[in-house]
Amino acid sequence: MSNAGVDQTLLALADPTRRRVVDVLRRKPLRAGDIAAALAISAPRLSRHLRVLRRSGLIEDSGVEHDARVRVYRLRPERFGVLRGWLEEVEAFWAAELSAFKTHAEETRGRRRP
């Protein structure tokens, strides 16, 4: 994921309501009305959050066969996988830094005078 993609994803997840939407959708895909009811928020307020999550690529919507007016929202796992990969790179960097610091500290401690 590009830096812009990571920025967009993190910005979308920075809002507590959008994180709650993600939590609700982790269980199963839902219609907007069902999401709004689960979060006890108005449809217009939810609509703004869904728009941000769609633009960031974290969720997608699709129609249902029997009613073209109904949209079902679901998580896009690939976007979360890319974010997880970026986080793993950051974690690996810090693990290497801490390991190097530990090695340095142990070597320095062995050279100290009593």
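The values are calculated or read from the model by the stated rules, or taken from the named source; none is laboratory data. Keep in mind the model is a prediction, meaning the values are calculated, not measured. Because the Cβ atoms are built from the backbone with ideal geometry, glycine has one as well, and the counts that use them run over all protein chains shown.
Tabulated results
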| item | result |
| --- | --- |
| Residue in region 50-65 that is modelled with pLDDT under 85 and either exposed (fewer than 10 other Cβ atoms within 10 Å of the Cβ) or of a type in the set (Phe, Trp, Tyr) (or both) present | yes |
| Residues that are aliphatic (A, V, I, L, M), part of a helix (DSSP H, G or I) and either farther than 22 Å from GLY63 by Cα or in contact with a helix residue (DSSP H, G or I) (Cβ under 6 Å, 6 or more places away or on another chain) (or both), drawn from region 33-53 | ILE35, ALA36, ALA38, LEU39, ALA43, LEU46, VAL52, LEU53 |
| Residue match in region 69-76 (condition: outside any strand (DSSP E or B) and closer than 18 Å to LEU13 by Cα) | yes |
| LEU10 loosely packed, with under 14 Cβ neighbours inside 10 Å, of a type in the set (A, V, I, L, M), in a helix (DSSP H, G or I) and within 11 Å of the chain's Cα centre (by Cα) | yes |
| Criterion (over 29 Å from ASN3 (Cβ atoms) and of a type outside the set (Lys, Arg)) met by exactly one of GLU88, GLU78, GLU65 | GLU65 |
| Residue within region 97-110 that is assigned to a helix (DSSP H, G or I), among the hydrophobic types (A, V, I, L, M, F, W, C), at pLDDT below 95 and under 27 Å from LEU11 (Cα atoms) present | no |
| Residue ID - surrounded by the most Cβ atoms within 10 Å (Cβ to Cβ), chosen from residues in region 72-114 that are farther than 30 Å from ARG19 by Cα and of a type in the set (Lys, Arg) | LYS102 |
